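Enquirer: The structure follows.
Rule-based calculations on the coordinates, nothing more; no lab input. For clarity, every value in this text was computed on a predicted model and none was experimentally measured. Every residue, glycine among them, receives a Cβ derived from its backbone with ideal geometry; neighbour counts consider all protein chains shown.
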C-alpha cells in the first residue's frame, strides 16, 4: 500500500473522508466525478458535463491534526530539547522525526467542510443523465485545511525542521499562522507543505446498483465488489 492510500485510510478514520491527493496542490471541487485507484480518487471531470449542477454549502469545521505511527515532533531552543517552546521571540526549531518510510504528519489551524445540501436531488438527476455510469464516484463534500503543515517521509529516519522565533513556532505547532516560519532542513522528505491552504479531504458517493439513490463511500468500500455490479466495476481500478 502506497503512502497516498495509507494517508487516505488514516484520514477516513479521523474525519470520515478520502484523501485529496496530492493534498492542497489540487483543484478538486464539489461535483467532480471519477474513479478510485489504490484508495485515491482520480478526477475525470465534473457532473456539469452531464447537465447536472451542484453547489456546495459550508457546514462546519473538523479537527485536522494527526500523524502516523513512529512520527515524533521535537521542540528545540538552541541545541537543547525542551518539553514546550516558550512564548518568547527567541530562535527555536520544530523538528519532525520519522522512524518509518511512508510516514506523515498533518495538521492545520482550521479545516472547513463544504457539502452538497440537496444530494438526493443530484443523485436522482444523475440516474437519468444520458451517458452516466454507475461506477463513477462523485465528490459531494470537500474538506479545506487552512495554514496546513503536511510532511511525508521517503525513507526511515527521515527528518524535517522548521525554524523561527519560539513564540511564532509555538503557535504554528498548534496549527496557527505560518508567517515568520521557514524550512531549516529536510532529510529524505517526500511531500512538504508549510502554511498553505487547500483541499485535503473528499467525501464520495455513487449511485446504488438499482434506482436513483446515492451510496456514500469510504476507503473500505472501495475494496468491495458488489455482488450484482458485474463487469461494470472491472474498469474501476
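Enquirer: Relative contact order of the chain, please, whole-number percent, based on alpha carbon pairs below 8 angstrom and at least 6 residues apart. Before the final figure, lay out the partial values.
Expert: Numbers: 584 pairs, mean separation 58.2, N = 237.
Over the chain, the number comes to 25 percent.
Enquirer: Hull surface divided by four, with the convex hull built on the Cα atoms of segment 108-200: how many nm²? Kindly include the intermediate steps, with their values, before the conclusion.
Expert: Details: hull surface 35.1 nm².
If you wrap the Cα atoms of segment 108-200 in a convex hull and average its projections, you get 8.8 nm².
Enquirer: Mind pulling the angle between the C-alpha long axis of helix 119-128 and the longest principal axis of the chain? Nearest 10 degrees, somewhere in 0 to 90.
Expert: The answer is roughly 50 degrees.
Enquirer: Hey, can you rank 77-86, 208-217, 190-199 by average C-beta count inside 10 Å, highest first? Numbers along the way, then the final one.
Expert: Values: 77-86: 11.4, 208-217: 14.5, 190-199: 17.7.
Per-residue mean Cβ counts within 10 Å order the peptides as 190-199, 208-217, 77-86.
Enquirer: Then there's this: Once you treat every alpha carbon in segment 38-170 as an equal point and sum by Debye, what is log10 I(q)/I(0) at q = 0.15, 0.18, 0.19 Å⁻¹?
Expert: -0.85, -1.02, -1.09
Enquirer: In square nanometres, what is the average projected area of the Cα convex hull of segment 16-74? Before the final figure, lay out each step's value.
Expert: Details: hull surface 24.8 nm².
In nm², the orientation-averaged hull projection of segment 16-74 is 6.2.
Enquirer: Another question about this same structure. Can you give me the angle between helix 3-15 and the longest principal axis of the chain, using Cα atoms only, in degrees from 0 to 90, rounded to the nearest 10?
Expert: Result, in degrees: 90.
Enquirer: Now, a different point. Projected area of the chain, taken from the Cα convex hull and averaged over every viewing direction, in nm²?
Expert: 13.3 nm²
Enquirer: Among 91, 38, 65, whose mean-square fluctuation peaks in a Gaussian network model of the chain (Cα, cutoff 10 Å)?
Expert: Greatest mean-square fluctuation among the candidates belongs to 91.
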